[in-house]
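A.B. asks: To start, I am sharing the structure in question, which I have written as structure tokens.
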Amino acid sequence: MKRILQINGRNYALDLPAKTTLLAAIRDYIGLVGTKEGCGTGECGACTVLMDQQPVNACLMLAAQAEGKDILTIEGLSQDGNLDPIQQAFIDTGAVQCGYCIPGMIMTGKGLLLTNPHPSIAQIKEAIAGNLCRCTGYYQIVAAIAKASQAR
Amino acid sequence: MKDFQLFSPTELEEALDLLTRHCGQMRILAGGTDLLIRMRDGQVQPETVLDLTRISALHFLRQDSNAIEIGPLITHTEVLCSPLLNQETPLLVQACRTIGGWQIRNRGTIGGNLCNASPAGDAVPPLYVLAAECTLASRRGRRVLPIQAFFHGPGQTVLAPDELLVGIQFPSPQPTPLQFFEKIGQRKALAISKVNMAFLGWTDQEGRFQKVRIALGAVAPTVVRAVRTEDYLVGKRPTADVIQAASDMIETEVQPIGDIRSTEQYRREVSGELLRLGLAKCQKEEHG
């Protein structure tokens, strides 16, 4: 069935089977592969995107449920070739090891800063509780989000 | 995942028509945080799926005179952010805060938590002690059930194949009583409860309990009330001795099983400990 998805400010008209998850639509049909699949069951947060500015697991939604919503993926963060302050903060803080969890971490962090521009360390930790990093580099990730909150 | 036919009505009547027409063949989808996992691994392979998320008549939160009404599509995040629920029912807010991670709370709904009927569902014990009622609707009409009558057993509710949960309502618990929700899981976030507990206790001028309701999850096939322990607490002040005796009593009152998440003995001891912990915290808040 034809679905129209608004991703990173652009409309995509796609012919999708009903079972298509939002994650599959983003990766397999649109080809934006920055959003990762980890567990596929909502435990790891690697597939986090923002829907109407709220972080959601793209693996646990049907693409059809995202119709009419504003979806932001990691590819939509930079503007005119300039990194978003949170992306720059992850680089500056050395928060990336293998990198697989990072798009999800950044999108959750971005969602947090959109709702709460100056979060405490405890609030940052609570926000990213649904994002797993198996390199266990949480310390730098928390530091990066805190740094990004000061950048604006 | 096997493909299916998807219906996304915007009107409740349309949804009820669809359920009647596809009686028994249709799976109901809201936040998707449970159903899509089970469809992905093939446990559930529906021919048709009814997506409720576009039905605005199921998405409301309001206070009418003394009753609070929650629409089944209200998400856990919306519970956390509600000034009304923070004021009136902090225990429900505490429970929803412990569910999943942020992403799950943004999608998972109160109605879904009830309809999945997991014995460990975290929103359920608070609704038990709040004496919530569930409104079910079908083409045949509406019926209202006390929450304990909504559940049959693990994963089973009394919803008929053509019925939808359309509202959850409970009396506002004023004057503000002692209340708490406590939970033990493998870790703080994203953990299914080994034991969870909701407590609501009204006290008199002297601080004696006049009425007490305690509900526990994951210690029986459905959420259960600890009636014996409730009765024991009535007429007593929550002194250290009383709390100790009540905790000992609840350990013998619950009838948990051992399973993949913990042993029977562990669940008993944790039940007592959660009561002790919750009451101690309430005392501390009261006396600053």
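A.B. asks: Looking at the range B:167-183 only, could you name the residues that are within 23 Å of B:T98 (Cβ to Cβ) and either among the charged types (D, E, K, R) or exposed (fewer than 14 other Cβ atoms within 10 Å of the Cβ) (or both)?
C.D. replies: B:T176, B:E182, B:K183 - these are the residues of the range B:167-183 that are within 23 Å of B:T98 (Cβ to Cβ) and either among the charged types (D, E, K, R) or exposed (fewer than 14 other Cβ atoms within 10 Å of the Cβ) (or both).
A.B. asks: Something else now. Would you please list the contacts, defined by Cβ atoms under 8 Å and residues six or more apart or on different chains, that run from a residue in the range B:1-17 that is without any contact (Cβ under 8 Å) to a residue 60 or more places away in the chain to a residue that is hydroxyl-bearing (S, T, Y) and part of a helix (DSSP H, G or I)?
C.D. replies: Every condition considered, the pairs that remain are B:T10/B:S56.
A.B. asks: Under 6 Å between Cβ atoms, which residue pairs at least 6 apart in sequence (or on different chains) link something in the range A:62-90 that is at pLDDT 95 or above with a partner that is surrounded by fewer than 16 Cβ atoms within 10 Å (Cβ to Cβ) and of a type in the set (D, E, K, R)?
C.D. replies: Taking only residues 6 or more apart or on different chains, the pairs are A:K69/A:D52; A:D70/A:D52.
A.B. asks: Being exposed (fewer than 14 other Cβ atoms within 10 Å of the Cβ), in the same structural domain as A:A143 (by TED's automatic domain parsing) and assigned to a helix (DSSP H, G or I) is true for just one of A:I124, A:I91. Which residue is that? I'd like the intermediate steps shown before the answer.
C.D. replies: Details: A:I124 fails: exposed (fewer than 14 other Cβ atoms within 10 Å of the Cβ).
Every option except A:I91 fails the conditions.
A.B. asks: If I go through the range A:52-74 residue by residue, how many of them are surrounded by fewer than 20 Cβ atoms within 10 Å (Cβ to Cβ) and over 23 Å from A:A129 (Cα atoms)? Spell out how you get there, then give the answer.
C.D. replies: The initial filter retains those residues of the range A:52-74 that are surrounded by fewer than 20 Cβ atoms within 10 Å (Cβ to Cβ), namely A:52-54, A:67-70.
Next cut, over 23 Å from A:A129 (Cα atoms) only: A:67-70.
Looking only at that region, the number is 4.
A.B. asks: Looking at the range B:193-223, which of the residues that are part of a loop (DSSP other than H, G, I, E, B) and within 13 Å of the chain's Cα centre (by Cα) is nearest to B:Q94 (Cα to Cα)? Lay out the reasoning, then the answer.
C.D. replies: Step one: filter the range B:193-223 for residues part of a loop (DSSP other than H, G, I, E, B), giving B:193-194, B:204-208, B:218-223.
In the following step, the residues that additionally are within 13 Å of the chain's Cα centre (by Cα) were identified as B:193, B:218, B:222-223.
Numbers: B:S193: 14, B:A218: 17, B:T222: 20, B:V223: 17 Å.
Of everything passing the filter in the range B:193-223, B:S193 is nearest to B:Q94 (Cα to Cα).
A.B. asks: Taking A:A18 as meeting all but one of (1) in contact with a Phe, Trp or Tyr (Cβ under 6 Å, 6 or more places away or on another chain); (2) outside any loop (DSSP other than H, G, I, E, B), write down the number of the exception.
C.D. replies: (2)
A.B. asks: Sort out which residues of the range A:36-58 are outside any loop (DSSP other than H, G, I, E, B) and touching a Cys at 6+ places or on another chain (Cβ under 6 Å), and write them in order of number. Reasoning before the result, please.
C.D. replies: So the first thing to find is which residues in the range A:36-58 are outside any loop (DSSP other than H, G, I, E, B), and the list is A:48-51, A:54-58.
A:N57, A:A58 - these are the residues of the range A:36-58 that are outside any loop (DSSP other than H, G, I, E, B) and touching a Cys at 6+ places or on another chain (Cβ under 6 Å).
A.B. asks: Condition check: loosely packed, with under 15 Cβ neighbours inside 10 Å and hydroxyl-bearing (S, T, Y). Does B:T222 satisfy that?
C.D. replies: Numbers: loosely packed, with under 15 Cβ neighbours inside 10 Å: no; hydroxyl-bearing (S, T, Y): yes.
No, not satisfied.
A.B. asks: Within the range B:26-51, take every residue that is at the interface with another protein chain (Cβ under 7 Å from one of its Cβ atoms) and assigned to a helix (DSSP H, G or I) and give me the one that is surrounded by the most Cβ atoms within 10 Å (Cβ to Cβ).
C.D. replies: Here the residue is B:L36.
A.B. asks: Please determine whether any residue of the range A:28-47 is at positive phi, within 10 Å of chain B (Cβ to nearest Cβ) and among the acidic types (D, E).
C.D. replies: Here is the first cut: in the range A:28-47, the residues at positive phi are A:31, A:40, A:42, A:45.
After this cut, where a residue has to be within 10 Å of chain B (Cβ to nearest Cβ) as well, the list is A:40, A:42, A:45.
This time we only want the ones that are among the acidic types (D, E), so: none.
Checking the range A:28-47: not a single residue is at positive phi, within 10 Å of chain B (Cβ to nearest Cβ) and among the acidic types (D, E).
A.B. asks: Among the listed residues A:L72, A:L62, A:L50, identify the single one that is out of contact with any His (no Cβ under 6 Å at 6 or more places or on another chain), at the interface with another protein chain (Cβ under 9 Å from one of its Cβ atoms) and closer than 30 Å to B:M1 by Cβ.
C.D. replies: Details: A:L72 fails: at the interface with another protein chain (Cβ under 9 Å from one of its Cβ atoms); A:L50 fails: at the interface with another protein chain (Cβ under 9 Å from one of its Cβ atoms).
Just one listed residue meets the conditions, A:L62.
A.B. asks: Would you check which residues across the range B:239-276 are in a helix (DSSP H, G or I) and surrounded by fewer than 17 Cβ atoms within 10 Å (Cβ to Cβ) and list them? Give the steps one after another, and end with the answer.
C.D. replies: Keep residues of the range B:239-276 that are in a helix (DSSP H, G or I), which gives B:240-253, B:264-276.
Listed by number, the residues that qualify are B:A240, B:D241, B:V242, B:Q244, B:A245, B:D248, B:T252, B:E264, B:Q265, B:Y266, B:E269.
A.B. asks: I've got another one for you. I need the full set of residues from the range B:122-166 which are buried (at least 16 other Cβ atoms within 10 Å of the Cβ) and part of a loop (DSSP other than H, G, I, E, B), in order please.
C.D. replies: If the condition is that a residue be buried (at least 16 other Cβ atoms within 10 Å of the Cβ) and part of a loop (DSSP other than H, G, I, E, B), then B:D122, B:A123, B:L130, B:A132, B:F150, B:L159, B:D162, B:E163 are the ones that fit.
The values are calculated or read from the model by the stated rules, or taken from the named source; none is laboratory data. For clarity, every value in this text was computed on a predicted model and none was experimentally measured. Backbone-built Cβ (ideal geometry, glycine too); neighbour counts: all protein chains shown.
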